[in-house]
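Q: This is the structure, below, for whatever I ask next.
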Amino acid sequence: MECMFGPVLWSWPSTCGFTEDLCQIGAGVSLPGIMAAKCGAEVTLSDSSELPHCLEICRQSCQMNNLPQVHVVGLTWGHVSRDLLALPPQDIILASDVFFEPEDFEDILTTVYFLMQKNPKVQLWSTYQVRSADWSLEALLYKWDMKCVHIPLESFGADKEDIAESALPGRHTVEMLVISFAKDSL
């Protein structure tokens, strides 16, 4: 799923500028965060503090891409930790395919809500594979006073049969959404 952010982030300078503070949650191998850092963003990569091997993968991705300035922190969705409290206000939160287990949806949005409290204009950019038409964020977005805008894949060139030599989206249904506070306009 991380390759879905490629077309968006290639246009990073014209989309956002070069100095945005960006946090990637559930970073995994960190491709979107690495690309954003290569484009000049101030990036923090995060994955679960309960999975140190995931944090090590983030560090290795930074090392292999010669990005020693990228911070790696352990953030467990739904938990307030010292690392979460210490994060500076973010401009964009990236989340690549984190909405895959419905029992995690509220923990993810709780963490995002906390980051939104630091900067009410922050946006969560997320791509994800739709795994069930029965799963929805709608009630949770309402509960946390957030709104969601679906971004058409064709608007950033990701509606092709394959992206970055992968099989995505292929026969999968892939969505991109931008989540922000409901009171702020996109």
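Q: Using the structure shown, list the pairs from Lys38/Lys118; Lys38/Lys121; Lys118/Lys183 with a Cα-Cα distance above 20 Å, or answer none.
A: On the way: Lys38/Lys118 25 Å; Lys38/Lys121 24 Å; Lys118/Lys183 15 Å.
Going by Cα-Cα distance, Lys38/Lys118; Lys38/Lys121 fall outside the 20 Å limit.
Q: Also, quick follow-up: Would you mind giving the average projected area, over all directions, of the Cα convex hull of the stretch 21-166 in nm² with one decimal? Don't skip to the answer; put the middle values down first.
A: On the way: hull surface 37.3 nm².
Taking the Cα atoms of the stretch 21-166, their convex hull projects to 9.3 nm² on average.
Q: May I pose another question? Counting only residues 5 or more places away or on other chains, whose amide H sits under 5 Å from the amide H of Ala27 once H atoms are built in the peptide plane?
A: Here Ser46, Asp47 satisfy the definition.
Q: Another question, then. Pop out the ³J(HN,Hα) list for the stretch 135-140 in order, Karplus 6.51 cos²θ - 1.76 cosθ + 1.60 with θ = phi - 60°, rounded to Hz; leave Gly and Pro as x.
A: My calculation for the stretch 135-140 gives 8, 8, 9, 3, 5, 5 Hz in order.
Q: Let me check against my output: what whole-number percent is the relative contact order of the stretch 21-166, with C-alpha pairs under 8 Å and at least 6 apart? Please report the intermediate quantities before stating the final value.
A: Numbers: 207 pairs, mean separation 29.5, N = 146.
20 percent.
Q: Per residue, how much accessible surface does the stretch 21-166 expose to a 1.4 Å probe? Answer in Å², no decimals.
A: On the way: 7390 Å² over 146 residues.
Value returned for the stretch 21-166: 51 Å² of accessible area per residue.
Q: Residue by residue through the stretch 28-35, what is 3J(HN,Hα) from phi via Karplus (6.51 cos²θ - 1.76 cosθ + 1.60, θ = phi - 60°)? Round to whole Hz and write x for glycine and proline.
A: Per-residue couplings from phi come out as x, 7, 6, 3, x, x, 5, 4 Hz.
The values are calculated or read from the model by the stated rules, or taken from the named source; none is laboratory data. These numbers come from a predicted model, not from an experiment. Keep in mind that these areas ignore ligands, DNA and RNA; they rest on the heavy atoms of the full protein, side chains included. Shrake-Rupley method; radii C 1.70, N 1.55, O 1.52, S 1.80 Å.
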